[in-house]
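The values are calculated or read from the model by the stated rules, or taken from the named source; none is laboratory data. Being a predicted model, the structure only gives us computed values, none of them experimental. Cβ: placed from backbone, ideal geometry, glycine included. Neighbour counts: every protein chain shown. Protein only, heavy atoms only, side chains kept; ligands, DNA and RNA dropped before computing areas. Shrake-Rupley method; radii C 1.70, N 1.55, O 1.52, S 1.80 Å.
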Amino acid sequence: MSRASSEEHELIESGKPRTLAQTLREKPEIPLAVVLFVGLVGGWELAVRLFEIPKIVLPAPSAVALALWNGMQGDFLKHFGITFYETIAGFVLGSATGLVLGALISQFRLLERTLYPYIVAFQTLPKVAIAPIIVIWFGYGVTSKIVITATIAFFPLLANTIVGLRSAPQEQIELMVAFTATRWQVFRLARLPQALPYIFVGLDVAIVLSVIGAIVGEFVGAQAGLGYLILQKNFNMDMAGVFAILIVLSGMGIGLHLLVNAIQRRVVFWMDGSSDRVMGA
C-alpha cells in the first residue's frame with residue numbers, strides 16, 4: 001500500500017476530515033486547472049487591452065462576464081430551458097433506439113448483414129445537410145430539434161452496444177450453455193454486464209453530441225433556444241453575447257458529462273476508472 005493510500009486509510013479510520021492541503025496533494029489536477037484557467041483568462045484580457053483588439057473581433061473576458069450576467073437577468077434561462085429539453089429528449093430517443101437496435105444486431109448476424117450497411121450509410125450523411133429536410137418534415141418547433149439530436153446521439157450507442165455485447169468471454173458463454181442456460185439468461189447474466197462499460201462510454205459520447213445536435217437544429221430553423229439566440233447576437237454584432245452563450249453551452253455539456261459519469265460509477269461499480277474502455281462516435 002502506498003503512503004498516500006495508507007494516510008487516507010488512517011484518516012477514514014480515525015473519522016477526521018481531510019484538510020485542504022491533503023486534498024490538493026491527492027488531487028494535484030485541481031490547483032493546476034485553476035492556475036491554467038486564471039492564466040488563460042488573464043492573458044486573454046491583457047492581450048485585448050494591450051493590442052486594442054476590437055470587440056467585434058474578440059471581446060474581453062470582462063465584457064463576456066458582463067454579457068453573461070445581463071443575459072442571466074434577461075432571457076438566457078428561458079432559451080436555456082428549451083435547448084436543454086431538446087438535448088435531453090433527443091438524447092433519450094436516440095440512445096434508446098441505438099441501444100435496442102444494437103442489442104438486436106449483436107444477437108442476430110442476419111440482421112447485422114441486412115441493416116448495418118444502411119445504418120453506416122445514414123451515419124456518413126452530414127447532419128447539417130439533412131437538418132433542413134427534417135425541419136421541413138417536422139416543423140420549426142422542438143420536434144424537429146429532438147429528431148435531429150436523436151440522429152446524432154443514435155450511432156455512438158449502437159456501435160458501443162454491439163461491441164460490448166460481443167465482448168463477453170466465449171468460455172463463460174459456453175459454460176452457461178452447457179448448464180442449459182437460455183439465450184435470455186446468457187444475455188442478462190453474461191453479455192449485458194460485460195457490455196455496460198461500453199454502453200456508458202457510448203452514453204457519455206452521445207450526451208455531449210446531443211448538445212451539438214440541438215444547436216444545429218436551432219441554427220437551421222427555430223423560434224427559440226440558445227442556437228436561435230446566437231444567430232440573433234451575431235446579426236446584432238454582439239460578440240460578447242455570443243461568447244456568453246457559448247460559455248452556457250459548455251457548462252451544459254460539462255454538467256451532463258459529469259452526470260453520466262456519476263451514474264456510471266454507481267451502476268458499473270466494479271470497473272476500474274483507470275482502465276475505462278473508450279470508443280468514439
Please go through the range 194-225 and give me each residue that is under 16 Å from Ile88 (Cβ atoms), within 12 Å of the chain's Cα centre (by Cα) and not β-branched (Val, Ile, Thr), ordered by number.
Leu203, Asp204, Ala206, Leu209, Ser210, Gly213
Residue ranges of helices (runs of 4 or more DSSP H) in the range 93-197 with at least 3 members closer than 30 Å to Gly225 by Cα and open to solvent by less than 50 Å² (accessible area, probe 1.4 Å)
127-138, 142-165
Restricting attention to the range 142-153, does a residue exist that is assigned by TED's automatic domain parsing to the domain that holds Leu77, more than 30 Å from Val64 (Cβ to Cβ) and out of contact with any helix residue (DSSP H, G or I) (no Cβ under 7 Å at 6 or more places or on another chain)?
yes
Restricting attention to the range 215-274, which residues are assigned to a loop (DSSP other than H, G, I, E, B) and either of a type in the set (Gly, Ala, Ser) or open to solvent by 80 Å² or more (accessible area, probe 1.4 Å) (or both)?
Gly221, Ala222, Gln223, Ala224, Gly225, Asn236, Met237, Phe269, Trp270, Asp272
